[in-house]
Every structure is written in C-alpha cells, then in structure tokens.
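The values are calculated or read from the model by the stated rules, or taken from the named source; none is laboratory data. Please read these numbers as outputs of a predicted model, since none were measured by experiment. Positions of Cβ are backbone-derived with ideal geometry, glycine not excepted, and every protein chain shown enters the neighbour counts.
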Amino acid sequence: MQDHNITSGNSLHTGQSKDTTNLDLLKPDFDFEKFSIGAEEIKFEVEKLRKQCEEESESKGLFTVKPASQWIEQAKKRPIPKMLFAEFWFEGELCILFADTNLGKSALAVQISNSISAGESIKAFRLEAERQIILYIDFELSEKQFEARYSEKFENHYIFNKNFLRAEVNPEKSDYKENGFDSFERYLYNSLEEFIIETEAKILIIDNITYLKDTTEQAKFALPLMKDLQGLKKKYSLSILCLAHTPKRNLSKPITRNDLQGSKMLINFCDSSFAIGESSTDKGIRYLKQIKSRNTEIIYDTENVCVCQIGKSSNFLMFEFLNFGTEREHLKQISESDKEKKIADVLELKSQGISNIEIARRFGVSEGAIRKWIKKSQ
C-alpha cells in the first residue's frame, strides 16, 4: 500500500526538537482549507484527545485515581462554597433539617427559601450566595394551608419573589403506570429531574423526605434514597435541603443524631444536618442546633444554640432570632414525681407483654434505660 506523504521535503527546520509540535511549521500536502480545518481546530482536537487519555488512565473501574496534590489543584479551580443559611447549610451540600411535628420545620424552610430567592439574609443568619431560583417541593401543605400561613386571614397576602417556585403533587397525574414508569419513586425522581433541567435551578428543598420512600427506617431503603439524592446533587451541582421528622423523644435530653427518624444511613450520608428543638420555657420558643457539618466546625452546639421565637408578623409565619444560649436552659426538668410516674408507666406496659425495645421507642430513650428503670423498681 502506498504511504501518504503529508509533508514536503523541508517539513521541519533543521535542529527542531522532536518534542516540539508547532503546527505552523508543518507543510501539509492535504488541503486543510478546502475542508475548513485550521490549525486551531487541530490543536483543540489534540488537546481534547490528550485529556481523554489522561481521564482513561485515571479511571480504575468504579474509581478515579489521582495523586492527592492533583485533587487539591483541581479543587482550587472550583468556587468556595457560600453560606445559604449561616453555618447550618452551604452551597453544594445535601443537608437534613429535622424536628418533631408542629415545631416549624416547614415555616423555617419557606423562610430560608424566601431569603435566598430574594437575596436578603434572615436577621442573625448570614447569606453569602447571590439571589437565585429556589425549587420548593411541598408534600406537606395544601395550597389553601400555604395561603393561610402567608396572609392575614386570607387577605393581605405576602408577595414572594418570582424566583421562589413551589410545587406540589398533581393528583390527576399521579398514576406512574399511565406515565410509563415501573414505580412511583422512579416517576417522582424523573419529574424532579425534568423540573431541575427546565428551570436550571441550583437550590432544591424537599418537604418532607419521607415522601420519597415508603420507609426510611431500614438501611436497605434509606441507602438507595441517599444515593439518589447525592446523585442528583452531583449531576446538577445542586444544594439540597431535606426536611425530616423525629420520633417521640425525651425532652429532658439534648438532641443528637440518633433523634433523626429512620435509618442512621440518613445522617451518615448527608453532608450536614441541623435540628429544631422545643423550649420548655415557652411554647413559642425554639432553638436551632447543628448536628453534623463538613464545611465548617460545629459552632451551634449544645453550649451555643440559636434561640428563636416563632410567630406570625402580619402575613408571614417566621422564626425571629432572640439570642444565643445553652441547650440545657430549654430542656424539660424532670422531678422525682415525674420519674416515679414514668417508671410506673413502664411497668404497666411491661405487664401487657410489650417488649423493652418498643417501650424505649415510646419513651424516646434507649432499651438499656428501660432495663435500668425496671431494675430500680424491683
């Protein structure tokens, strides 16, 4: 077969290094101009192939392997995460906000959404990110309940910024089979993805995480859920805030990661988490406590909680910062009579054949505590 000569006799200057790739020195017989191929296009394709080769050499099956210093160099080119809600939630994080029912999770989430969508910080809570679109997926409130919270007796309605987009399930399109899916969960995630692509939003708030899975109590269900959310986050560079419940808990004890309802996989695989606590001093007082953080040290711990008052100012249900305090100031104080009554209640349940584990769940304590109470009564 005849070889194609792509250079003339003096294709390279004398003394030119073998490693030099100066395309301007090439004298091709091939008519590049005829096919609208210039030197810059060739350089671009060469660089593209070089990067592809590098990526392939770094790819080891499931993993991408690079020297640690190279990871840092790559990370330096990425923007530093900005605060979305003080140190509680940063850009690029999958964050979980949890609390008992009726403590104001949704109210705070809407307040955070309103803050980011308008580009205005909440008093005492820093906002570093710019004003942007918020996708608020509301599985909790009906449109009328939402209206009631953000109006004065259904008049004088609060005007939200147009960047605040709220969504709720359309009952007329809730049949996943009619829409070509094998499960409601796949249909739900597909709809979320379409919503994200269409709006190009980078902030997603989900109220409530339990709607995404039938149960989050077991690791085999919670782990796929967290993988799906982390996958969405990475694919579209999202910041996600998920709201979650706590089971019945002992109000005399500090909030811990164990108070998040469901499998420990939820707290293990999120980037950050914070909780709303109920104050025993006043029914309208709440406190915010950091539970987990990866972008910063824990600042708002049990010795430094953010104390707030929840209430409705005109036409907006909101958290209003009061001061900083210790968590123990807001915990329920247990008297001797309370302790005696609790032990009596435990013994009554035990006499009914209820297991220690179930009794512990009802009282919001460990199974070991139940054994101690029973032993103490004997």
Notebook entry, point to check: If you check ASN315, ASN295, ASN356, ASN304, which single one turns out to be surrounded by 12 or more Cβ atoms within 10 Å (Cβ to Cβ), over 30 Å from PHE90 (Cα atoms) and either touching an Asp or Glu at 6+ places or on another chain (Cβ under 8 Å) or of a type outside the set (Val, Ile, Thr) (or both)?
Noted result: ASN356
Next item on the list: Identify the residue in the stretch 157-171 that is more than 20 Å from the chain's Cα centre (by Cα) and at pLDDT 95 or above and, among all such residues, is nearest to VAL110 (Cα to Cα).
Entry: PHE160
Check: Can you tell me which residues in the stretch 320-338 are of a type in the set (Gly, Ala, Ser) and more than 34 Å from the chain's Cα centre (by Cα)?
Finding: SER335, SER337
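Per-residue answers, yes or no, for (1) among the charged types (D, E, K, R); (2) farther than 17 Å from ASP207 by Cα:
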| position | (1), (2) |
| --- | --- |
| THR64 | no, yes |
| TRP89 | no, no |
| GLY92 | no, yes |
| CYS95 | no, no |
| ILE112 | no, no |
| ALA118 | no, yes |
| ARG126 | yes, yes |
| ALA129 | no, yes |
Check: Do you know which of the residues in the stretch 244-266 that are buried (at least 20 other Cβ atoms within 10 Å of the Cβ) and assigned to a loop (DSSP other than H, G, I, E, B) is farthest from the chain's Cα centre (by Cα)?
Finding: ILE255
Next item on the list: Determine which member of the set LEU288, LEU212 is without any contact (Cβ under 8 Å) to a residue 40 or more places away in the chain and more than 13 Å from the chain's Cα centre (by Cα).
Entry: LEU212
